[in-house]
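The values are calculated or read from the model by the stated rules, or taken from the named source; none is laboratory data. What you see is a predicted model; the values in this text were computed from it and never measured. Every residue, glycine among them, receives a Cβ derived from its backbone with ideal geometry; neighbour counts consider all protein chains shown. Only protein heavy atoms, including side chains, enter the accessible area calculation; ligands, DNA and RNA are left aside. Shrake-Rupley method; radii C 1.70, N 1.55, O 1.52, S 1.80 Å.
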Amino acid sequence: MSEAPNPGRAGIEQEQFLSVVSRDEAIRLFRAALVPRPLGIEHVDITELVGRVLAEDVAAGVDAPAFDRSVVDGFAARAADLAGASSAAPKRLILNNETITCGYSPELTVMPGTATPISTGGPMPRGADAIVMIEHSEPEGENAIVVQRALSPGQNMAFAGSDIACGQVLLHRGTLIGSREIGMLAAVGLASAPVWRKPRIAVISTGDELVPVGAPLRPAAVYDSNGPIVAAALEENGCTPLRFGAIPDDREQLDTALGRAMAEADGVILSGGTSKGAGDLTYRIVSQLGAPGIVVHGVALKPGKPLCLAVCEGKPVVILPGFPTSAMFTFHDIVAPVLRILAGQPEREEREIAAQLPVAVQSELGRTEFVMVALSQGEAGLVAHPVGKGSGAVTAFSQADGFIRVDALAEGLPAGARVDVRLFTPHIRVPDLVIMGSHCTGLDVIIGALVDDGISARTLAIGSLGGLSALKRGECDIAPIHLIDPASGIYNAPFLTGAMRLIPGWRRMQGLVFRRGDARFEGKTPDAAVAAALADPACIMVNRNQGAGTRTLIDQLLGGARPAGYWNQPRSHNAVAASIAQHRADWGVTIEPVAREQGLGFIPLASEHYDFAVLRAPRQPKALAAFEARLGTCGADLLRVGFEKAR
Ligand code: AMP
Ligand code: MG
């Protein structure tokens, strides 16, 4: 891991980050070397203009409308003929022998005492100066009408150029083009517009371990998420990504890719390999690409320290940190604003909102730290829950509404601190139900069903006890829990306060898991299986964290023994199954659906109760009622994913 403190590697790190600079200094140095400005103007067809930015003012070459026209269905007339018209004194007009429809050029002049039938949008005939609405007239015989109201000149018609006058600037340079702007261009007949050329930016992921999405994952490999993330972020910021895929940590292949990228693109964004052994390679190749070369390598940011910023032959060349979260923060904070200038895009509008931290946040002194947060509605305003699980987590991004920045000079923030949350999207999504506690795949079934009811729910996996605290503080609506009271052997109920009640959830069968065909376990009772494991010194177990319900079971099974692997204590059912499936351990305890998913052998032990703590006086009674209703009817679906409904 590039950012975890690792005393064994301290020497290497020091060598690489000789001069870590502050965030602001990094931005200043990068911009001073690049002097970013738009790349040039191109004329783009109206069919391709959405999202582009006008590089020049656009003026109308014609009037819109191009002629005087009627804006109602009725009769083109002379207002003077109708002066004083009323129900007591109606006026009669003789109809001319022509009907003006859209696209028809009138031939007859409207003489005094006459009128010509005209449709909405029809060109005004000579002589007429207003339109009688059809609703305000009565036919009289074949070729006359009677009108009972007066009309003022210009009424019910529009003059040529009244919408857009020829020569008028329609759209100013710098305008971001959307459907409304397209409408204006089209109204005056413009088939294209001058816009800033889109920067073409090469996206190169680096790492021997990377596999493209869609391909099977080989052991110890990692999907290339930075490639797709960066390419998408480039599109969001007005650039065209040139996708180079993932290149192994190999000097020759990297050289070739970078050579092509420099030739074809206006800039290059690499990711990975900035901070260790093989990574030195990327850094070294970039340092030879051209003057002035690397201007920043190492920024006092967390996540994001290994960021490397270079300018080669006038083009930005950036090496983002490998961890996707670090890559995204540094991209958005430091790289995107510069690329937007190249693209001629307006500065991105940032929205901040005040919230309160429910828990303390630790932070390293001397580094600007970004902490992702999910918002929920607390009793005294918005609450910002930190959701980052370290820079290796990708999912935090989808759960988070935004992030807070902890100043380089702060050691952290206390619980209850007021913070400004920089939002990822302009609108905060406050879900109907906030579910905080222990996560279970069965819960996804219920949440999916609620979507069909038009109810949105957000889950934050913060463990059973965390969920109960959040519920107590009024920060969530539902806390899914599976806690056993060791004294009574009763699940969940003993942990509630008087203000809470329990909605029964389902049972999760826990069992001893192993790889199918392992003779030490196959077909045995739990006790015999554990005895066989303990008797074999080569056998390695995987445990669970202290406090987990499963851990209580494991300790009972072991009866005080501490076999190899006992201190390996992951925090989830899935981690246990992965450890065994991937041969790092031979046995452990997890729940049946997870074991099944990984194709592991399973010896049932005991069923665990997964229930929902809620407040007796809920914040969202309607949504909660829908949740309970769905819980009552989705037994079969739960069974399908391996859970048995509680009664
Ligand atoms: P590195 O900076 O190359 O040492 O990578 C740091 C961590 O980020 C390693 O765990 C890498 O596997 C991971 N990583 C690097 N590049 C990518 C990528 N394109 N997608 C996902 N993870 C990556
Ligand atoms: Mg790497």
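Summary table below
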quantity: Filter result for the condition that a residue is within 16 Å of ligand 2 (Cβ to nearest atom) and in a loop (DSSP other than H, G, I, E, B), over Gly273, Gly290, Gly245; calculated: Gly273
quantity: Any hit, segment 503-516, residues being of a type in the set (Gly, Ala, Ser), within 17 Å of Ala623 (Cβ to Cβ) and at pLDDT 95 or above; calculated: no
quantity: Among (1) farther than 20 Å from Pro36 by Cβ; (2) modelled with pLDDT of 95 or more; (3) touching a helix residue (DSSP H, G or I) at 6+ places or on another chain (Cβ under 8 Å), the one test that Val311 misses; calculated: (1)
quantity: Hits in segment 204-249 (condition: buried (at least 20 other Cβ atoms within 10 Å of the Cβ), away from ligand 1 (no atom under 11 Å from the Cβ) and polar (S, T, N, Q)); calculated: Asn237
quantity: Failed item, numbered, when Asp280 is tested on (1) modelled with pLDDT of 95 or more; (2) within 16 Å of ligand 2 (Cβ to nearest atom); calculated: (1)
quantity: Options Gln598, Gln620; residue that is open to solvent by 60 Å² or more (accessible area, probe 1.4 Å), of a type in the set (S, T, N, Q) and closer than 25 Å to Arg501 by Cβ; calculated: Gln620
quantity: Residue among Leu309, Leu270, Leu301 that is touching an Asp or Glu at 6+ places or on another chain (Cβ under 9 Å) and buried (at least 24 other Cβ atoms within 10 Å of the Cβ); calculated: Leu301
quantity: 2 or more residues closer than 15 Å to Asp73 by Cα, without any contact (Cβ under 8 Å) to a residue 60 or more places away in the chain and not assigned by TED's automatic domain parsing to the domain that holds Val188: qualifying strands (runs of 3 or more DSSP E) within segment 84-164; calculated: 114-118, 130-133, 137-139
quantity: From Ala408, Ala374, Ala384, Ala415, residue being open to solvent by 10 Å² or more (accessible area, probe 1.4 Å), away from ligand 2 (no atom under 16 Å from the Cβ), closer than 28 Å to Ala623 by Cβ and modelled with pLDDT of 85 or more; calculated: Ala415
quantity: Residue within segment 360-369 that is free of Cβ contacts under 8 Å to residues at least 12 places away in the same chain and either surrounded by 22 or more Cβ atoms within 10 Å (Cβ to Cβ) or closer than 26 Å to Leu29 by Cβ (or both) present; calculated: no
quantity: Elements of type helices (runs of 4 or more DSSP H) contained in segment 537-647, each with 2 or more residues being free of Cβ contacts under 8 Å to residues at least 12 places away in the same chain; calculated: 549-558, 621-633, 635-640
quantity: Residue satisfying all of: in segment 452-479; more than 21 Å from Lys622 (Cα to Cα) and part of a loop (DSSP other than H, G, I, E, B); nearest to the chain's Cα centre (by Cα) among these; calculated: Ile462
quantity: Residue count for segment 486-503, restricted to those that are open to solvent by 20 Å² or more (accessible area, probe 1.4 Å) and either of a type in the set (Val, Ile, Thr) or within 12 Å of Glu608 (Cα to Cα) (or both); calculated: 4
quantity: Selection within segment 194-203 - more than 16 Å from ligand 1 (Cβ to nearest atom) and of a type outside the set (Phe, Trp, Tyr); calculated: Pro194, Val195, Arg197, Lys198, Pro199, Arg200
quantity: Selection from segment 407-465 of residues that are at positive phi and touching a helix residue (DSSP H, G or I) at 6+ places or on another chain (Cβ under 7 Å); calculated: Gly437
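Conditions (1) under 19 Å from Glu98 (Cβ atoms); (2) surrounded by fewer than 17 Cβ atoms within 10 Å (Cβ to Cβ), marked per residue:
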site	(1), (2)
Ala128	yes, no
Glu135	no, yes
Glu138	no, yes
Ala144	yes, yes
Leu151	no, no
Gly154	no, yes
Phe159	no, yes
Cys166	no, yes
Arg173	no, yes
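Yes/no matrix, rows are residues, columns are (1) within 16 Å of ligand 2 (Cβ to nearest atom); (2) touching a Gly at 6+ places or on another chain (Cβ under 6 Å); (3) open to solvent by less than 50 Å² (accessible area, probe 1.4 Å):
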residue: Glu313; (1), (2), (3): no, yes, no
residue: Ile319; (1), (2), (3): yes, no, yes
residue: Ser326; (1), (2), (3): yes, yes, yes
residue: Phe329; (1), (2), (3): no, yes, yes
residue: Asp333; (1), (2), (3): no, no, yes
residue: Leu339; (1), (2), (3): no, no, yes
residue: Gln345; (1), (2), (3): no, yes, yes
residue: Arg351; (1), (2), (3): no, no, no
